[in-house]
Each structure stands twice: as structure tokens, then as C-alpha cells.
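Asker: Structure incoming, see below.
Each value in this text was obtained by applying a stated rule to the coordinates, not by laboratory testing. Just so we're clear, the structure is a prediction, and the values are computed from it rather than from any experiment. As a convention, Cβ positions derive from the backbone with ideal geometry for all residues, glycine included, and neighbour counts pool all protein chains shown.
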Amino acid sequence: MKYMPKIRELISEEKVNQRIAEMGEQISRDYEGKEIHLIAILKGSVFFACELAKRITIPVTMDFMSVSSYGDSRESSGIVKIAKDLDEPIQDKEVLVVEDIIDSGKTLNHLKPMLLSRGPASLKLCTLLNKPERREVEVEVEYIGFDVPDEFVVGYGLDVAQKYRNLPYIGVAE
Ligand SMILES: O=P(O)(O)OC[C@H]1O[C@H](OP(=O)(O)OP(=O)(O)O)[C@H](O)[C@@H]1O
Ligand code: HPA
Ligand SMILES: [Mg+2]
């Protein structure tokens, strides 16, 4: 039989949804009077990005970029592969990049200068989870849902070898 890790709950569905609602409220206040352009980094951030967008009360547009570096491994390959670029230009837009997790920092460290070179009015980062102990390259992150310990987390969009993205809570794959 294929190896299936046991999943231990780390952050309940209720806590995740409550925190996302708070983040949506804070973002709506910070960007009051503006429109916000959310860029969700596929695939992991899609659950968070949709839930966050529903909690933002100012006008929202969305675009998607598909980026991967982990593949089926629990370690970053260090090679950030862009499988799908944005559909629309971001020039003069208030851009908020939405991630499910910042771990080594390599993905965002690679993406940020690339997006900045396209001339957005502003560019900020928002992540549901942050794993500070694993950071290899510095990234400035404006909005963080939860700090998590140095364990491989799954659920709410996060996968281990493509599985468990659909769990409605955050767990640890043991
Ligand atoms: O800070 P880092 O060490 O770069 O890790 C964070 C990135 O890794 C994961 O993506 P992954 O490559 O697993 O692609 P996926 O979203 O399709 O699962 C996650 O969704 C982030 O994009
Ligand atoms: O802990 C993690 N879980 C799932 N995907 C990830 N990508 C980077 N870190 C993680
Ligand atoms: Mg992944």
C-alpha cells in the first residue's frame, strides 16, 4: 500500500476561518477608498484566497499565477517554476500577493522583483501561514495569519505530494 501520513490537527477549521475574517477586515481598512488586485499563487493559496476575497469589503479583482518548487518533496527544490503567468498587466494596481505559506522564502523572493518590475502602484504580501524557523532568504510580509512550527503542514490548500489540500483545517503530516 502507498505511504499515507497520519494527520494531526494543528489549527481548527473554526480558528482558520475566524483569522481569515479578521485579515479581510484589516485589509479592507488599510486599503479604504482603493481597489485591491489579489494575486493568488496556485495551487496552494487558492482556498485561502477565495475565503479572504469574500471577507474584503472594498472592490476586489483577482488573477492567478501557478508556481511550484516543492513537487512531491517536503523540501524546496530551490527551482521556482512558473507554469502559468498572470492573465492581466498589474501596472498602477494595488497588488496583494496571496500565499498559503512562506517557508524558506525562496518562492516569494523570486516572484517579488519580477512583479515589481511590472510597475504596480503598490505590492504587498499576505500569507495564511508563516514558518519563520525555516527561512533561508528574507521576505517582508505585511499580513500573516499564523506562525507555525518547523513541521510539514497540510490542509486548507497545502499538500504533501498533492494530497490533503481539501482538509478544512491545518494539520501536521507525521
Ligand atoms: O517559502 P517557500 O519555501 O518557497 O515555500 C512556499 C511555497 O511552497 C508551496 O508551493 P509548492 O511549490 O508546494 O506548490 P503548490 O502551491 O502547487 O503546492 C507554497 O504554496 C508556497 O508557494
Ligand atoms: O509545510 C509545508 N506544507 C506544504 N507545503 C509547503 N510548502 C512549503 N512548506 C510547506
Ligand atoms: Mg505544494
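Asker: Evaluate the relative contact order of the range 8-100 (contact order divided by residue number), counting alpha-carbon pairs under 8 angstrom at least 6 apart; express in whole percent. Please report the intermediate quantities before stating the final value.
Answerer: On the way: 135 pairs, mean separation 31.1, N = 93.
With pairs under 8 Å counted, the relative contact order is 33 percent.
Asker: Follow-up. Once phi is turned into ³J(HN,Hα) by the Karplus curve 6.51 cos²θ - 1.76 cosθ + 1.60 with θ = phi - 60°, what whole-Hz value does each residue of the range 73-80 show in order, with x for glycine and proline?
Answerer: After applying 6.51 cos²θ - 1.76 cosθ + 1.60, I find 8, 9, 10, 5, 6, x, 9, 8 Hz.
Asker: Which of GLU88, GLU75, GLU13 ends up with the largest GNM mean-square fluctuation for the chain, with Cα atoms connected below 10 Å?
Answerer: Looking only at GLU88, GLU75, GLU13, the largest GNM fluctuation is found for GLU88.
Asker: Which helices, counted as full DSSP H runs in the chain, have an axial Cα extent of no less than 15 Å and a Kyte-Doolittle average of -1.0 or above?
Answerer: On the way: long enough: 13-30 (26 Å, -1.40); 106-116 (16 Å, 0.03).
Length and hydropathy pass: 106-116.
Asker: If the chain between ALA121 and LYS81 were fully stretched, how many nm would it gain, using 0.36 nm times the residue separation less the Cα-Cα distance? Walk me through the intermediate numbers first.
Answerer: Numbers: separation 40, 0.36 × 40 = 14.40 nm, distance 2.57 nm.
Result for the pair: 11.8 nm of gain on full extension.
Asker: In addition: What does the charge add up to near GLY155, with Lys and Arg as +1, Asp and Glu as -1, over the other residues with Cβ less than 10 Å from its Cβ? Can you show the working numbers first?
Answerer: On the way: positive: ARG165; negative: GLU9, GLU13, ASP100, ASP159.
After counting each charged neighbour, the total is -3.
Asker: Could you sort the peptides 136-144, 50-58 by per-residue average Cβ neighbour count (10 Å cutoff), highest mean leading? Intermediate results must be reported in sequence, preceding the final value.
Answerer: On the way: 136-144: 13.6, 50-58: 16.7.
Packing order, densest peptide first, comes out as 50-58, 136-144.
Asker: Based on other C-beta atoms within 10 Å, arrange HIS110, HIS37 from fewest to most.
Answerer: Values: HIS110 17, HIS37 23.
Lowest to highest Cβ neighbour count: HIS110, HIS37.
Asker: DSSP beta bridges in the range 7-173, what fraction antiparallel, as a percent rounded to 5? Kindly include the intermediate steps, with their values, before the conclusion.
Answerer: Values: 11 of 34 bridges.
Restricted to the range 7-173, the bridges split so that about 30 percent are antiparallel.
Asker: Based on DSSP H runs of at least 4 residues, each adding -39500 (n - 2.57), what is the mean residue ellipticity at 222 nm of the chain after dividing by all its residues, to the nearest 500 deg cm²/dmol? Let's see the in-between values first.
Answerer: Details: 3 runs with 38 residues, N = 174.
Only helices count here, giving -7000 deg cm²/dmol.
Asker: Tally Lys and Arg at +1 and Asp and Glu at -1 over the other residues with C-beta under 11 Å from the C-beta of ASP63: what net charge comes out?
Answerer: Details: positive: LYS84, LYS93; negative: ASP85, ASP87, GLU88.
That works out to -1.
Asker: Only Lys, Arg, Asp and Glu count, each charged at its Cβ (+1, +1, -1, -1), so figure out the dipole size of the chain about its Cα centre, rounded to 20 debye.
Answerer: Details: 23 positive and 30 negative charges, 93 e Å.
Charge dipole, the chain, about its Cα centre: 440 debye, nearest 20.
Asker: What are the aspartates and glutamates whose alpha-carbon lies under 14 Å from the alpha-carbon of LYS54, with same-chain residues fewer than 8 places away excluded?
Answerer: GLU22, GLU25
Asker: Which of the lysines could a cross-linker span from LYS106 if the Cα-Cα distance has to be under 21 Å and same-chain partners fewer than 8 positions apart are dropped?
Answerer: LYS43, LYS81, LYS84, LYS124, LYS131
Asker: Here's something else I'd like to know. Could you work out, for the range 1-108, what percent of all Cα-Cα pairs fall into each 10 Å distance bin, beginning at 0 Å and stopping at the bin that holds the largest distance?
Answerer: 13, 38, 34, 13, 2, 0
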